[in-house]
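Chemist: Structure in structure tokens, see below.
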Amino acid sequence: MWNETGAQKDRTIIRNVHFPEDSIDLVYSGPHISVANPMFKTSRRICVFNGDYDILDLTIIGEKYLQRCNYSMGVDVGSYLSRVPSTPWGTKYTDEYRIVMRKMLNLSGERTLIPAIIPKGSGHIDGIFGIANRENLLFWEACLASLPYDFLIKASGKSNCRNDLMSKILFPDNKIIFASEMECRALLLNSLDIRYSELWNHSFKDQYRKCRWSKEDERLSNSRFTELTNEWKSTYPFRTDFERRQALVEIDVLVAMALGMKLEQLKTIYRLQFPVLQSNEGDTWYDNTGRIVFTCNRGLTGVGFERKEWEYGIKDAHRGQKFYRTIADDTMPEGPIERTIEYIAPFDRCDREQDYETAWKFFEEKYGKSE
């Protein structure tokens, strides 16, 4: 959207690390987003390098929270909006909810394609590539957030996500019987604050209430689906680490089925093409509430206990034992504040291949086997 150099030269945007007061003053950079997560990180007060961002705790953010960003408008609102590109159907690009993804494609990282939905009004620098799509936004987001589509991007060998790459991406028929399962999960993963209420109200379908988790676990309640209404509420979006991971696992399976793949093909892609994801899955542990208590994932620096603490005295705790970690949290406008995080045993890991098998069986029994 905004060329980081050119847009500063003509003062469309100016370097200003700040908490925006409104969406129009929020300009996303690549590190702000993750897979199906538009609120992955916030800029630090001093944000110079790629590592100068902090992970956001989605369980504590308020419904009107806007993450700290690096740029703000450098001209008056009218001049700023006059420079915003238009869509083919005549609206301003920022008048739409958009799927955005990091421009730089890390072919050897945990994930290569990093898509999320950002709200109306907000902008982004050229380090992010965006797609406005009124008709199939949630369906496309589910596809792009899946491992099969990530594999397609990896296989391209491209180092940048641009129109020349994305224009060649084909999507399955969005009329498939389980499309609502994909759309519902995409909506619940992305609609993290009140700015998504219009998208929610416009997109909500009664079928969403019929969705169910494919896996039985005390950290996964089917009331997360059955209690949904057509009015967005802050209690609806998936916020815990465990829920969000499971939703993405199920999206992987649903998209694979929509593409006519077999379970073994999905598992083979995971085994051969996602070694970093495998490594992180093998040493990421969750507590009884669904919070990550320890992870080796280098992309989640600051989440959970350090390895030494984890290995000696926490890892093998008995059910009901509680552990506390106090941090200096500077992700909120009123920060920095001292915050204590509680973790409740027992702690366990997930097996992605086993979860794929469970989800595949569940959806086949619910919708029939794909041909």
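The values are calculated or read from the model by the stated rules, or taken from the named source; none is laboratory data. Quantities reported herein were computed from a predicted structural model and do not represent experimental measurements. Positions of Cβ are backbone-derived with ideal geometry, glycine not excepted, and every protein chain shown enters the neighbour counts.
Chemist: All but one of (1) surrounded by 15 or more Cβ atoms within 10 Å (Cβ to Cβ); (2) closer than 18 Å to I251 by Cβ; (3) at pLDDT 95 or above hold for I194, so report the exception by its number.
Modeler: Unmet for I194, out of (1) surrounded by 15 or more Cβ atoms within 10 Å (Cβ to Cβ); (2) closer than 18 Å to I251 by Cβ; (3) at pLDDT 95 or above: (2).
Chemist: Based on what the data block shows, is N106 of a type outside the set (D, E, K, R) and under 23 Å from L277 (Cβ atoms)? If you could, list the steps in order and put the result at the bottom.
Modeler: Numbers: of a type outside the set (D, E, K, R): yes; under 23 Å from L277 (Cβ atoms): yes.
Here the answer is yes, as N106 does meet what is asked.
Chemist: Would you confirm whether any residue within region 66-83 is more than 19 Å from D25 (Cα to Cα) and of a type outside the set (G, A, S)?
Modeler: Within region 66-83, the first condition is being more than 19 Å from D25 (Cα to Cα), and the residues that meet it are none.
Looking for residues that are more than 19 Å from D25 (Cα to Cα) and of a type outside the set (G, A, S), one finds none in region 66-83, hence no.
Chemist: Also, quick follow-up: Out of the helices (runs of 4 or more DSSP H) lying entirely within region 147-264, which hold 2 or more residues that are closer than 20 Å to A359 by Cα and in contact with a Lys or Arg (Cβ under 8 Å, 6 or more places away or on another chain)? Steps first, answer last, please.
Modeler: Details: elements: 147-156, 163-166, 179-190, 197-203, 223-226, 241-258.
It comes to 179-190, 223-226, 241-258.
Chemist: While we're looking at this one, here's another question. Check off (1) touching a strand residue (DSSP E or B) at 6+ places or on another chain (Cβ under 6 Å); (2) buried (at least 23 other Cβ atoms within 10 Å of the Cβ) for L147 and give me the number that stays unchecked.
Modeler: (1)
Chemist: Within the set of pairs 6 or more residues apart or between chains, which connect a residue that is at pLDDT below 95 inside region 351-371 to a residue that is assigned to a helix (DSSP H, G or I) with Cβ atoms less than 7 Å apart?
Modeler: Hits for this filter: S370/M257.
Chemist: Determine whether S214 is buried (at least 16 other Cβ atoms within 10 Å of the Cβ), in contact with a Ser or Thr (Cβ under 7 Å, 6 or more places away or on another chain) and polar (S, T, N, Q). Steps first, please.
Modeler: Numbers: buried (at least 16 other Cβ atoms within 10 Å of the Cβ): yes; in contact with a Ser or Thr (Cβ under 7 Å, 6 or more places away or on another chain): yes; polar (S, T, N, Q): yes.
When the stated conditions are applied, S214 passes them.
Chemist: Can you tell me how many residues in region 1-34 are in a helix (DSSP H, G or I) and over 21 Å from N163 (Cβ atoms)?
Modeler: Step one: of region 1-34, the residues in a helix (DSSP H, G or I) are 6-9, 23-25, 30-32.
Add one more test, that the residue is over 21 Å from N163 (Cβ atoms), and what stays is 8-9, 23-25, 31-32.
Total meeting the criteria: 7.
Chemist: Turning to a different aspect of this structure: From the residues in region 197-211 that are of a type in the set (S, T, N, Q) and closer than 24 Å to I61 by Cα, which one is surrounded by the fewest Cβ atoms within 10 Å (Cβ to Cβ)? Break it down into steps so the answer makes sense when it comes.
Modeler: Step one: list which residues in region 197-211 are of a type in the set (S, T, N, Q), which gives 197, 201, 203, 207.
Now drop any that are not closer than 24 Å to I61 by Cα, which leaves 197, 201, 203.
Working: S197: 15, N201: 12, S203: 18.
That would be N201.
Chemist: OK, next. Looking at (1) buried (at least 16 other Cβ atoms within 10 Å of the Cβ); (2) free of Cβ contacts under 8 Å to residues at least 60 places away in the same chain; (3) of a type outside the set (A, V, I, L, M), which one does D95 not meet, given that it meets all the others?
Modeler: Failed condition: (1).
Chemist: If I filter region 13-64 down to residues being touching a residue at least 40 places away in the same chain (Cβ under 8 Å) and of a type in the set (D, E), which single residue comes out as farthest from I337 (Cα to Cα)?
Modeler: That would be D25.
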